[in-house]
Amino acid sequence: MEARRRTWFDERGLIVGAGGARAQPRSIPFYAGAMHYWRVPPARWAACLAQIHALGLTIVETYVPWRVHEPEPGRYVWAGDADLARFLDLARASGLAVVLRPGPHVNAELTCFGMPDHVVGDPVCQARTARGTPVWMPSPPKAWPVPSYASAAFRERVRAWYAAVGEVAAPFVEDGTVVAVGVDNEAQMFFRLGAYDHDYHPEAIAWWNEATGLDGDPPRAWNAADAARCVSWVRFKDEYIARAMGELGKLLDGAGFAGVARFHNLPPGHFGHYDLRRIQRAIGGPVGIDAYTPRAGFRDLRRRALACVGNASPIPLALEVGVGFFPWFPPLGHADDPLRERDHLLSLLAAGIRGFNLFMAVERERYYGAAITQTATLEPHASWIKPLLAALAEVDWPALHRVRVQIDTTVGRAPGAAAVPIALVDTRADARFGIASSLLDPVTPVLAEALGLGPGGAAELGSDPGAIAARRWQTAIATALELAQVPYAIVDEGTSEDELASYRAVIVPTGDRVHRGLWQHVHALADRKRAIVVIGPGTPTHDELGQPLTEPAPRRVGRLKAGSLDDLRGLADDLAALAGELRDAWQVERPDDVRAMAYADTGGATRVVFVVSDAPKAATAVLLADDRAKLLRDPFTGEQFRIASGRASIALVARGVRMLIVE
């Protein structure tokens, strides 16, 4: 894509290529802290950056807000609080690399999500509802019309904006200070995922025609007699987002960021609401997740992280890990739980997240609870950050890999087998029908998810029984695997046959519908004995558009029992058998609602173990260790746990998480 690679992500972290004065490549773990320079007095920039560096963070991350720098068409402001070049110079002097996120959408609790009024107010740039009216975003401090990313006029405005940023950043790109750039922010149709809400901009409709090969307008309401067209429209929205991100990536290339590593971050919410792999391919870089989660939601957070780990390439990232929160949402924690933020990040690391960005590292307006004040003082509630980063450096976290748990890794496994034995496929054929036929439309499923409606998520308020059942089965299977202490991955339905074959067993929850390409993979895996395949509880007879399938289920396939939905213990026993014989080391002997995730170095020595509890009250777990381990150390408290007869007792608070270094 570029004539010259300056920086890129690899499986360990961020590699900075040779450039300018930096003749030798260097490897930087992606440990970032967010600082919004335009919200901090310039006289305090150096001190705040020094504190970020002192914590052990390697990168300072910042938005470059369009609204701040181009208040009027063609008039750019790069002075005073908005002196980006000075900020970059000070970051370089402090020993920090820099990640820039120039939007166009940055959110950051800014008016219009950081886009100028003169852009979002232009009718030719605005997304359109099914009624042809502007799509209004009701975010504080005022509602505003969201742009259509299909609009060529909007992208031309973005091109000019990126060019202005690129001109300022050019020296710092050249010398290696700027190591990565974000392609937009939280691309999810501005959180408005209702099937017939938007985007009906004429150029968006042209994109739909090109992508689907269908003529005419897309549907503007559910029509059971033309269900395939309606579901095609829902499916197209993933293509719309990916195409938009790809177009923005090209504009960044033209603005001087060609060859600079790039990424995108997905918003909080269930992983089934976005197509991570498609966006990844479009931008040519990793796609990570944002995480703002109360302690009661840590189990669901780990599942989101597992989906990121299972689908991200080459490195799974958590690009916004909340330290503090937004003042117009309910608090995520309580004063009597000072370690929630630490355990929140440990939950992500336990699931395999390799790099992260602490949001917010430095105090700013429209946000509370940042780690560092504007006078560069570390807040007491953030005292865990420095010992965490020291521990990650001690074990060389980016270089570690999940400990393999199978005794025999050859049975049913391909070369390059995955570290975990089972892949749970995120099947979305039924989910799309649920969105397309929802009685709540155009209310976004994102809102329904936030209400915690039950195991069916947003589908609980829908009219499609297949969508409700599919989500409930997915949740039940994940819960049963955890109950059985079986490590697993969550992968997208578009995962290749070869990648699926790297797992010992592949579970494909199915009702009446299934993605046609996935069904072909099911046949190939089963017929060629490349993996154990389990489907069910139903046998699909229709594809993702509701069209008849001609291929029956393969003969060599296991099936989920319909009654297992109400018998999680029985389901756990059945699924445990799929994993084969597992090693005892680094498993939790008891209780059932505590489990462990262990990570080893390239020599196979286990370096760190995370012990996580889903119990609603304090618990003591009995952890089984391997023969080489003698001692476990908590890097935050200094507490040591001696291993006797291959066991160690680990105390955990309710829904607690512990990181233990193996000695």
Scanning the stretch 89-106 residue by residue, those closer than 24 Å to His53 by Cβ and out of contact with any strand residue (DSSP E or B) (no Cβ under 6 Å at 6 or more places or on another chain) turn out to be Asp89, Leu90, Arg92, Ala93, Ser94, Gly95, Pro102
Picking from Leu345, Leu439, Leu358, Leu453, which residue would you name as being touching a residue at least 40 places away in the same chain (Cβ under 8 Å) and either assigned to a strand (DSSP E or B) or more than 20 Å from the chain's Cα centre (by Cα) (or both)? Leu358
A careful count of residues in the stretch 374-414 that are modelled with pLDDT under 95, β-branched (Val, Ile, Thr) and surrounded by fewer than 20 Cβ atoms within 10 Å (Cβ to Cβ) gives 4
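Every residue, every condition in (1) under 20 Å from Asp396 (Cα atoms); (2) over 29 Å from the mean Cα position of the chain (by Cα), yes or no:
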| position | (1), (2) |
| --- | --- |
| Asp584 | no, yes |
| Pro591 | no, yes |
| Val594 | no, no |
| Met597 | yes, no |
| Lys617 | no, no |
| Asp626 | no, yes |
| Gln640 | no, yes |
| Ala654 | no, no |
Mind counting the residues in the stretch 301-340 that are part of a helix (DSSP H, G or I) and over 29 Å from Val181 (Cα atoms)? 1
In the stretch 470-491, what residues are buried (at least 23 other Cβ atoms within 10 Å of the Cβ) and either more than 24 Å from Glu581 (Cβ to Cβ) or not assigned by TED's automatic domain parsing to the domain that holds Arg504 (or both)? Ala470, Arg471, Trp473, Gln474
For the stretch 506-533, what are the residues that are within 13 Å of Val557 (Cα to Cα), surrounded by fewer than 23 Cβ atoms within 10 Å (Cβ to Cβ) and touching a residue at least 40 places away in the same chain (Cβ under 8 Å)? Lys529, Arg530
All positions within the stretch 151-165 that are surrounded by fewer than 23 Cβ atoms within 10 Å (Cβ to Cβ) and either among the aliphatic types (A, V, I, L, M) or over 30 Å from Trp208 (Cα atoms) (or both): Ala152, Ala153, Ala160, Ala163, Ala164
Keeping to the stretch 485-497, report how many residues are without any contact (Cβ under 8 Å) to a residue 40 or more places away in the chain and among the polar types (S, T, N, Q). 1
Out of (1) surrounded by fewer than 21 Cβ atoms within 10 Å (Cβ to Cβ); (2) at pLDDT 95 or above; (3) under 11 Å from the mean Cα position of the chain (by Cα), the odd one out for His270 is which? (2)
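Condition check ((1) in contact with a strand residue (DSSP E or B) (Cβ under 8 Å, 6 or more places away or on another chain); (2) at pLDDT below 95) across all residues:
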residue: Ala335; (1), (2): no, yes
residue: Leu339; (1), (2): no, no
residue: Leu346; (1), (2): yes, no
residue: Ala350; (1), (2): yes, no
residue: Phe356; (1), (2): yes, no
residue: Gly369; (1), (2): yes, no
residue: Ile372; (1), (2): yes, no
Taking the condition within 21 Å of Phe191 (Cβ to Cβ), small (Gly, Ala, Ser), touching a residue at least 24 places away in the same chain (Cβ under 8 Å) and not assigned by TED's automatic domain parsing to the domain that holds Asp614, does Ala305 pass? yes
Give Ala180, Ala164, Ala169 a once-over and let me know the one that is out of contact with any helix residue (DSSP H, G or I) (no Cβ under 8 Å at 6 or more places or on another chain), touching a residue at least 60 places away in the same chain (Cβ under 8 Å) and either assigned to a helix (DSSP H, G or I) or under 18 Å from Tyr63 (Cβ atoms) (or both). Ala180
Tell me, yes or no, whether the stretch 198-210 has at least one residue that is in a helix (DSSP H, G or I), within 30 Å of Leu84 (Cβ to Cβ) and either modelled with pLDDT under 95 or touching a Leu at 6+ places or on another chain (Cβ under 9 Å) (or both). no
Could you give every pair whose Cβ atoms fall below 7 Å, whose first residue belongs to the stretch 456-484 and is without any contact (Cβ under 8 Å) to a residue 60 or more places away in the chain, and whose second residue is assigned to a loop (DSSP other than H, G, I, E, B) and among the acidic types (Asp, Glu), counting only separations of at least 6 or pairs across chains? Gly466/Asp512
Residue by residue through the stretch 246-260, note down the ones that are closer than 17 Å to Arg101 by Cβ and either among the hydroxyl-bearing types (Ser, Thr, Tyr) or part of a loop (DSSP other than H, G, I, E, B) (or both). Val260
With respect to the numbered conditions (1) touching a helix residue (DSSP H, G or I) at 6+ places or on another chain (Cβ under 6 Å); (2) closer than 30 Å to Pro591 by Cα; (3) modelled with pLDDT of 95 or more, which one is the sole condition not fulfilled by Arg471? (3)
Residue list for the stretch 532-554, restricted to those being out of contact with any Phe, Trp or Tyr (no Cβ under 9 Å at 6 or more places or on another chain), of a type outside the set (A, V, I, L, M, F, W, C) and not in a loop (DSSP other than H, G, I, E, B): His542, Pro548
Please indicate, with yes or no, whether at least one residue in the stretch 621-638 is basic (Lys, Arg) and closer than 27 Å to Leu301 by Cα. yes
For the stretch 170-202, enumerate the residues that are among the acidic types (Asp, Glu) and surrounded by fewer than 17 Cβ atoms within 10 Å (Cβ to Cβ). Glu174, Asp175
Note on the stretch 441-474: residues in contact with an Asp or Glu (Cβ under 9 Å, 6 or more places away or on another chain), among the polar types (S, T, N, Q) and within 21 Å of Asp512 (Cβ to Cβ) are Gln474
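The values are calculated or read from the model by the stated rules, or taken from the named source; none is laboratory data. The structure displayed is predicted, hence computed values, not measured ones. In this analysis, Cβ positions are derived from the backbone assuming ideal geometry, glycine residues included, and neighbour counts consider all displayed protein chains.
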